1. So which residue, out of A:LEU244, A:LEU62, A:LEU210, gets the largest mean-square fluctuation from a GNM of chain A using Cα contacts under 10 Å as springs?
2. Suppose you put the label 7 Å out from Cα in the Cβ direction; list, shortest first and in nm with one decimal, how far A:ASP185 is from each other copy's label.
3. Just in the stretch A:87-157: which GluC sites (Glu not before Pro) are loop by DSSP and have at most 15 other Cβ atoms within 10 Å?
4. Compute the label zone of A:SER341 within the stretch A:301-319: residues whose backbone N is under 15 Å from the point 7 Å along Cα-to-Cβ.
5. So what J values fall out for the stretch A:101-108 if you push phi through Karplus, 6.51 cos²θ - 1.76 cosθ + 1.60 with θ = phi - 60°, rounded to Hz, Gly and Pro as x?
6. Any idea what the A:ALA164 label distances to the other copies are, label 7 Å down the Cα→Cβ vector, nm, shortest first?
7. Can you tell me the dipole magnitude for the protein assembly as shown around its Cα centre, using point charges on the Cβ only (Lys, Arg +1; Asp, Glu -1), in Debye to the nearest 20?
8. Under the classification rounded if a/c is under 1.5, otherwise prolate if a/b is larger than b/c and oblate if not, where does the stretch B:1-107 fall, given a ≥ b ≥ c as square roots of the Cα gyration tensor eigenvalues?
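Read the figures in this text as sums done on the coordinates, not as results from a lab. The structure presented is a predicted model; accordingly, all values stated were derived computationally and were not measured. Here the Cβ is made from the backbone with ideal geometry for all residues, glycine too, and neighbour counts use every protein chain on show.
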Number of protein chains: 2
Amino acid sequence: MPKIYLDYASTTPVDPKVMEAMKTYFKKDFGNPSSIHSFGQKAIAAIDDARQKVASFLGCELDEVIFTGSATEANNLAIFGLIKKGDHIITTQIEHHAILEPCQKLEKEGVEVTYLPVDKDGLVKVSDVEKAIKLNTILVSIMYANNEIGTIQPIAEIGELLKARKNKIYFHTDAVQAANYLDCDVKKLGVDLLTLSGHKIYGPKGVGALFVKKGILLNPLIYGGGQEQGRRSGTENVPAIVGLGAAIEETQNPKIKINIIRIRQFRDKLIKTILKIVSDSKLNGSPIQRLPNNINVTIDGAEGEAMVIALDQKGIAVSTGSACSAKSLEPSHVLLALGLSHEEAHGSLRITLGRYTTQEEITKFLKVLPQVIQRLRQISGYK
Amino acid sequence: MPKIYLDYASTTPVDPKVMEAMKTYFKKDFGNPSSIHSFGQKAIAAIDDARQKVASFLGCELDEVIFTGSATEANNLAIFGLIKKGDHIITTQIEHHAILEPCQKLEKEGVEVTYLPVDKDGLVKVSDVEKAIKLNTILVSIMYANNEIGTIQPIAEIGELLKARKNKIYFHTDAVQAANYLDCDVKKLGVDLLTLSGHKIYGPKGVGALFVKKGILLNPLIYGGGQEQGRRSGTENVPAIVGLGAAIEETQNPKIKINIIRIRQFRDKLIKTILKIVSDSKLNGSPIQRLPNNINVTIDGAEGEAMVIALDQKGIAVSTGSACSAKSLEPSHVLLALGLSHEEAHGSLRITLGRYTTQEEITKFLKVLPQVIQRLRQISGYK
């Protein structure tokens with residue numbers, strides 16, 4: 001049975017072009033970038049090339065890009081690297097755990113954190129950001145697009161607001177889910193720090209990047225050989241960095257960009273059809289400010305995990321909430337922040353489309369979903 | 001011109017078997033291990049399998065192995081994860097920067113650190129460890145085998161010493177360079193924590209592992225989705241973890257183990273011949289307690305970096321000091337700790353052999369080296 005993958009927000013397969021770019025750096029050009037000899041020089045040149053591609057995507061300088069071992073590490077570096085006791089952070093209730101957990105850790109150590117609420121569509125109000133600013137506010141960290149509900153935040157507007165202030169407040173955005181679809185020019189966004197992930201953009205796992213605007217002093221998380229300008233020690237993961245560079249470049253390929261139109265059409269078709277053919281279902285997140293690949297619905301009388309397992313048995317991979325909390329029994333903090341009840345949050349399904357999604361897959365999914373829901377509702381004795 | 005690589009301590013090429021094992025996890029079985037569906041389950045099974053291989057190599061339980069993004073991160077996690085203000089750490093003057101730098105950072109925050117000296121061969125005295133112990137000693141961290149001079153420390157003896165004490169002192173060893181050649185059974189060594197690297201054992205870059213004995217409370221470095229039992233968040237780098245598992249397994253392949261005899265013979269031949277044919281040269285590190293692949297010599301009247309560059313021009317890759325400090329102009333802290341002068345330390349050359357080293361490469365190297373030294377000595381006006 002061919003598998004249908006509709007969970008592209010969890011992770012993506014490595015693009016063939018990315019794989020091709022990485023290939024030589026495992027066995028043939030395997031040098032350590034810190035070595036003086038030609039093996040090392042080839043490795044450092046490959047990293048420079050990848051850094052150039054990321055810098056060009058972000059509209060920043062080469063030395064403003066730090067490669068890390070994951071986007072989670074990049075988010076942690078942005079938070080822990082900037083903040084000290086007594087500082088104040090403004091973030092939102094719907095950030096990824098890679099932001100929320102560091103903030104919660106810092107709270108225990110005497111850092112103040114404001115977790116801004118979102119409206120019923122998952123949007124942060126710019127005026128709420130403004131109102132939350134205190135004298136000791138050092139950092140605002142707000143994700144560009146949400147991983148669960150796909151809501152796109154008004155990052156450029158918040159950037160404007162913060163730029164206009166006399167006292168410098170650093171502005172970080174987690175652009176992990178945005179990078180496939182949205183303009184990540186750091187000047188247009190007005191951000192000082194920005195996080196990217198390899199494996200969400202058809203690049204490899206095990207690599208992330210953090211944009212850090214020139215002049216920002218950032219304490220490292222990981223100390224040692226002094227790689228990445230001393231900001232992230234450890235032998236550079238050359239193939240993965242090359243892969244991230246190739247993946248970022250490929251997001252700008254006109255064919256890939258045109259394909260987004262098709263993805264958005266699939267998304268709209270899915271939302272419209274699900275809400276029509278599945279009774280007592282509703283869309284979570286904004287219908288407008290939404291990633292082109294995200295569908296998140298609450299289906300009454302069907303439990304999220306049960307739906308995922310039942311669909312998996314039919315050869316269709318989707319998600320409930322975010323993959324990162326899939327092992328947890330807690331309902332999604334994002335859906336709760338929208339005002340959903342625990343029961344509604346537990347009954348949510350996330351379908352995320354991608355570069356390889358086909359019409360046939362959409363048709364198959366729309367055929368199987370009502371059958372699965374009907375069966376689960378029978379079991380749970382719904383209505 | 002075929003390249004001769006004699007810098008295996010810096011990094012190693014990925015073994016074909018390792019590459020083969022990793023392959024499927026980039027594009028086909030690319031799921032996120034946190035996902036409930038079958039793509040995710042395949043990924044988690046692959047990680048479990050790799051974890052089993054590492055646990056079997058170390059003689060430990062599955063849940064005592066944490067995968068990280070590098071050995072540097074694993075070393076940082078061991079140090080930062082255990083230590084708080086007022087604690088005392090015992091380490092050595094010849095550790096890797098991935099241990100020394102975290103220790104130096106902690107010193108600024110009110111942690112006491114004793115950096116034990118080594119003898120002229122680079123060996124730590126067990127009695128020195130004993131004498132350094134204080135009431136507030138929480139951790140002893142001593143590397144198994146040194147990356148620059150290949151000296152093998154008496155880890156099992158130190159383990160015995162620490163085990164015999166009433167107050168628990170955690171014992172960590174950085175086994176990154178040892179794993180190819182030495183028994184890493186954690187019970188025999190008597191260690192509570194042990195660090196492994198992927199790319200030093202013919203596995204991929206961007207992955208390390210930390211053994212943490214059951215019951216040890218370890219604060220994470222990176223917070224987020226709660227992967228690796230909450231000890232190292234971030235989407236698991238599935239292909240790299242699979243690669244580390246395959247690489248560890250391959251170290252135990254009888255063919256690979258027999259090959260070590262050949263490597264040791266090459267090493268002995270090189271040491272003997274270099275000291276004979278290059279005047280005013282001497283061996284750094286222990287002639288006996290030494291990794292089978294390491295040669296480190298000081299050659300008077302020839303500067304280390306100049307030798308590396310001149311040999312590179314002849315198609316031979318070697319190193320001066322450790323690759324991680326190759327970009328630094330500071331002389332090697334390891335060689336200084338042996339009692340070498342700055343000048344002697346600057347005139348050192350590290351030749352490290354590996355799985356693919358051939359007799360032809362050794363012959364070629366021994367032919368080229370004296371020519372290079374002669375030329376450099378002419379330039380520098382030596383004698």
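1. A:LEU62
2. Spacings between copies for this position, smallest first, are 6.4 nm.
3. A:GLU109
4. Answer for the stretch A:301-319: A:301-303.
5. These are the phi-based 3J(HN,Hα) values: 5, x, 4, 5, 4, 5, 4, 5 Hz.
6. 7.3
7. 1220 debye
8. oblate
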